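Notes follow once the structure below has been shown.
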Amino acid sequence: MNLEHEEHAMPIATTLKSYLDDKNVQYASVEHPHTESAMDSAKSAHIPPHQLAKAVVLEDNAGFIVAVLPSNNRLNLGWVNEELERNLSLATEKELKALFKDCETGAIPALSNAYGLKVIWDDQLKHASDIYIEAGDHEHLIWLERRDFRKLMKDLPHTIISKDAEVGCWKY
């Protein structure tokens, strides 16, 4: 097997792959046409957008934290700041490149604890049957069963931190 082929055979960021293998979690790579946003990734992979968990990297003088929410939702920064008693704002693209060295810009995996970062996740993800996350590039997603996603996230803070971008409120 030549090296070039090997590189394309495993389209998952090395850090993320090591983390998933280490946690003994079953996952699969899902290929899709190149996209620039989580919502477009969900559409091109034919996945319900509420099942694709996107990562939004925030920072303040206490450091970085990654907010994980359904791709069809908008983060409510006020709710996150209130929950964590912090004064967070969006991290810069330059900072993202330094934090996620093995990922393409804008393709940050929601399992950011694999990168040693703190995470807060949206309770709305608890109810999705399967969860998909960015694999670290703009052509692949990682599929996880709900129970495995919850197992990976169970010790991390979670609450409602986002709302549906179209409806404006969360419906049960």
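The values are calculated or read from the model by the stated rules, or taken from the named source; none is laboratory data. Keep in mind that this is a model prediction, so the values were computed, not measured. Reconstructed Cβ throughout: ideal geometry from the backbone, glycine too, with neighbour counts over all protein chains shown. All accessible areas refer to the heavy atoms of the entire protein, side chains included, with ligands and DNA or RNA removed. Shrake-Rupley method; radii C 1.70, N 1.55, O 1.52, S 1.80 Å.
Values as computed for the structure displayed
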item	result
Point-charge dipole on Cβ atoms (K/R +1, D/E -1) for the chain, about Cα centre, debye to 20	600 debye
Prolate/oblate/rounded label for segment 83-162 (Cα gyration tensor, a/c 1.5)	oblate
Potential extension, residue 95-residue 160 segment - 0.36 nm per residue separation minus Cα distance	20.8 nm
Accessible surface of the chain, 1.4 Å probe, proportion on carbon and sulfur as whole %	49 percent
Theoretical FRET efficiency, 1/(1+(r/R0)^6), r = Cβ-Cβ of residue 145 and residue 104, R0 41 Å, to 0.05	0.95
Of the GluC sites (Glu not before Pro) in segment 19-85, those whose Cβ has at most 14 other Cβ within 10 Å and which sit in DSSP loop	36, 85
Pairs from 94/126; 54/101; 23/154; 43/151; 23/118 whose Cα-Cα separation, in the structure shown, is over 20 Å	94/126; 43/151
Average silhouette area of the chain, convex hull of alpha-carbon atoms, in square nanometres	10.2 nm²
Selection from 89, 51, 33 lying farthest towards where the dipole of segment 22-172 points positive, charges on Cβ	51
Nearest-0.05 FRET efficiency for residue 62 and residue 26, computed from C-beta distance (R0 41 Å)	0.75
Kirkwood-Stokes translational diffusion coefficient of segment 20-85, alpha-carbon pairs, 4 °C, 1.567 mPa s, µm²/s	93 µm²/s
Electrostatic dipole magnitude of segment 14-116 [Cβ: Lys, Arg +1; Asp, Glu -1; Cα centre; debye, to 20]	160 debye
In segment 99-140, the GluC sites (Glu not before Pro) that fall in loop regions by DSSP, at most 15 other Cβ within 10 Å	104
Most mobile of 45, 53, 98 in a GNM of the chain (Cα contacts under 10 Å)	98
Förster radius 41 Å - calculated FRET efficiency between residue 36 and residue 85, Cβ distance, rounded to 0.05	0.75
Helical mean residue ellipticity (222 nm; -39500 (n - 2.57) per DSSP H run of 4+; nearest 500) of the chain	-7000 deg cm²/dmol
Solvent exposure of the chain as accessible area per residue, Å², 1.4 Å probe	54 Å²
